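Student: The following block contains the structure, expressed as structure tokens.
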Amino acid sequence: MRYHFLIVDGNQGKDLLPLLGTALPEYGIDVTVTADSSEALRLLAGKSTAVVFFDMCLREITGIEFLERAKAIDHTLSIIMTTACGNINDTIETIRHGAFDYLIMPPEAATFKDIVHKALECNILNRRVRYVPSSSQMDSPAIGEDLMVGSSPKLMDIWKLVGRIADNEATVLIMGESGTGKELLARAIYNHSKRRAKPFLAINCAAMPETLLESELSGHEKGAFTDAHQQRIGKFEHCNGGTILLDEIGEMSLSSQSKLL
């Protein structure tokens, strides 16, 4: 599948085009460049676009105005603001209004590659979010396992966050009421991370007696206790390099949480 990028830049994309050519070798991309923000909005209305670079130094339209009009056309867009004119405060303000990120021009190659890769992944995730009106459609094989139902601005924010943290090595805490899709969200992070080739395991901490939980997670050696007749590999070791979801971790006793930490 090919993805379309749009560069709205008074410098005709001279700093961005060479970097784009090497930043996403695993994706097929097409790039359109324009210095006219009005033309850019017309292009967005006529063609499905994944990522937009918008030059904050353009005078005919503000970054916030462009964001609002572009997002009204396609709310899944990942819009990266660029600036070489030093107006960093305005650029940061656009982040509060929905920009994915910003770049100071000319960008460092490593920084550019990281931001543009996450922006594209975020767009791909956003486009996976569908409104499913019936359970029969929800069971359709065409719909992925990481489906979350809805397309509200709040859910879009969640997918944007998933795109940013999917390749991060940090521990992630997911909070929400029962039935809101916490495990689906955990699987979405896993499916789009570098760990997706390794196992994903979900452990319900509330459903397991405290006496068994430690052994289940960490394993044990033969003879470690009375009924330890053979060595048992723990879930952490089994899941090494992958992702482990500790569901209902708040139900784990404080002593077990301390041992886990």
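The values are calculated or read from the model by the stated rules, or taken from the named source; none is laboratory data. Everything numeric here is computed off the predicted structure, so don't read it as measured data. Counting neighbours? That spans all protein chains shown, and the Cβs are built from the backbone with ideal geometry, glycine included. All accessible areas refer to the heavy atoms of the entire protein, side chains included, with ligands and DNA or RNA removed. Shrake-Rupley method; radii C 1.70, N 1.55, O 1.52, S 1.80 Å.
Student: Which ³J(HN,Hα) values, rounded to whole Hz and listed in residue order, are derived for region 4-11 from phi using the Karplus coefficients 6.51, -1.76 and 1.60 in 6.51 cos²θ - 1.76 cosθ + 1.60 with θ = phi - 60°, glycine and proline given as x?
Tutor: After applying 6.51 cos²θ - 1.76 cosθ + 1.60, I find 9, 10, 10, 10, 10, 8, x, 9 Hz.
Student: Something else now. Any idea what diffusion coefficient region 42-118 gets from Stokes-Einstein, in µm²/s, Kirkwood Rh on alpha carbon pairs, 4 °C, 1.567 mPa s? Present the calculation step by step, with values, prior to reporting the outcome.
Tutor: Values: Rh = 12.7 Å.
Answer, rounded: 102 µm²/s.
Student: Would you grab the residues whose amide H sits under 5 Å from the one on Y102? Only those 5+ places off in sequence or on another chain, please, with H modelled 1.01 Å from N.
Tutor: Under 5 Å from the amide H of Y102 lie the amide H atoms of M81, each far enough along the sequence or on another chain.
Student: Something else now. Of the DSSP beta bridges with both residues in the chain, give the percent that are antiparallel, rounding to the nearest 5. Before the final figure, lay out the partial values.
Tutor: On the way: 2 of 28 bridges.
Around 5 percent antiparallel, to the nearest 5.
Student: How big is Rg to Rh over the chain, alpha-carbon atoms, Rh as the Kirkwood inverse-mean-distance radius?
Tutor: On the way: Rg = 22.7 Å, Rh = 21.0 Å.
Computed over Cα atoms, the ratio is 1.08.
Student: For the chain, report the accessible area per residue in Å² (1.4 Å probe, heavy atoms, rounded to an integer). Intermediate results must be reported in sequence, preceding the final value.
Tutor: Numbers: 14870 Å² over 261 residues.
That works out to 57 Å² per residue.
Student: Once R0 is set to 25 Å, what does the formula 1/(1 + (r/R0)^6) return for the Cβ-Cβ distance between E26 and K198, expressed as a FRET efficiency to the nearest 0.05?
Tutor: On the way: r = 19 Å, r/R0 = 0.76.
Taking R0 as 25 Å, the efficiency between E26 and K198 is 0.85.
Student: Are there trypsin sites (Lys or Arg not before Pro) in region 17-74 that DSSP puts in a loop and that have at most 14 other Cβ atoms within 10 Å, and which ones?
Tutor: Values: sites: R42, K47, R59, R69, K71; in loops: K47, R59.
The qualifying sites are K47, R59.
Student: Can you compute the modelled spin-label distance between Q230 and A207, with each label point 7 Å from Cα toward Cβ, in nm?
Tutor: For Q230 paired with A207, the spin-label model returns 2.4 nm.
Student: Cα-based Rg of region 154-261 per 2.2 N^0.38 Å, rounded to two decimals?
Tutor: Values: Rg = 15.6 Å, N = 108, 2.2 N^0.38 = 13.0 Å.
In units of the globular-protein estimate, region 154-261 measures up at 1.20.
Student: Please report the accessible area of I165 (heavy atoms, 1.4 Å probe, ligands and nucleic acids excluded) in Å², nearest 10.
Tutor: Per-residue accessible area (I165): approximately 40 Å².
Student: Which value, to two decimals, describes the C-alpha radius of gyration of region 1-97 once divided by 2.2 N^0.38 Å? Walk me through the numbers on the way to the answer.
Tutor: Numbers: Rg = 12.8 Å, N = 97, 2.2 N^0.38 = 12.5 Å.
So the Cα radius of gyration is 1.02 times the expected 2.2 N^0.38 Å.
Student: Write out the GluC sites (Glu not before Pro) in region 1-71 meeting two conditions: DSSP loop, and at most 15 other Cβ atoms within 10 Å of their Cβ. Please list the in-between numbers first.
Tutor: Values: sites: E26, E39, E60, E65, E68; in loops: E26, E60.
Sparse-neighbourhood loop GluC sites (Glu not before Pro): E26, E60.
Student: Ignoring ligands, DNA and RNA, what percent of the 1.4 Å accessible area of the chain is carbon and sulfur?
Tutor: Values: 7590 of 14870 Å².
Result for the chain: 51 percent of the exposed heavy-atom area is carbon or sulfur.
Student: Comparing V172, V33, V116, which has the greatest mean-square fluctuation in the GNM of the chain with Cα pairs linked when under 10 Å apart?
Tutor: Its mean-square fluctuation being the largest, the pick is V172.
Student: Would you mind checking the pairs K198/K222; K154/K198; K14/K113; K113/K160 and listing those with alpha carbons more than 19 angstrom apart?
Tutor: Details: K198/K222 27 Å; K154/K198 30 Å; K14/K113 16 Å; K113/K160 17 Å.
Violating the 19 Å Cα-Cα cut-off are K198/K222; K154/K198.
Student: Going by a 4.7 Å Cβ-Cβ cut-off, which cysteines of the chain have no partner at all?
Tutor: For the chain, the answer is C122, C205, C239, because their Cβ atoms have no other cysteine Cβ under 4.7 Å.
Student: Next up: Taking chymotrypsin sites (Phe, Trp or Tyr not before Pro) that fall in a DSSP loop and have at most 13 other Cβ atoms within 10 Å as cut points, what is the longest piece of the chain between them?
Tutor: Details: sites that count: Y131, F225.
Looking at the chain, 1-130 is the longest stretch - no exposed chymotrypsin sites (Phe, Trp or Tyr not before Pro) with at most 13 other Cβ atoms within 10 Å.
Student: Now, a different point. So how much slack lies between L184 and C85, counting 0.36 nm per residue of separation and subtracting their Cα-Cα distance, in nm?
Tutor: Values: separation 99, 0.36 × 99 = 35.64 nm, distance 4.24 nm.
Gain in length upon complete extension: 31.4 nm.
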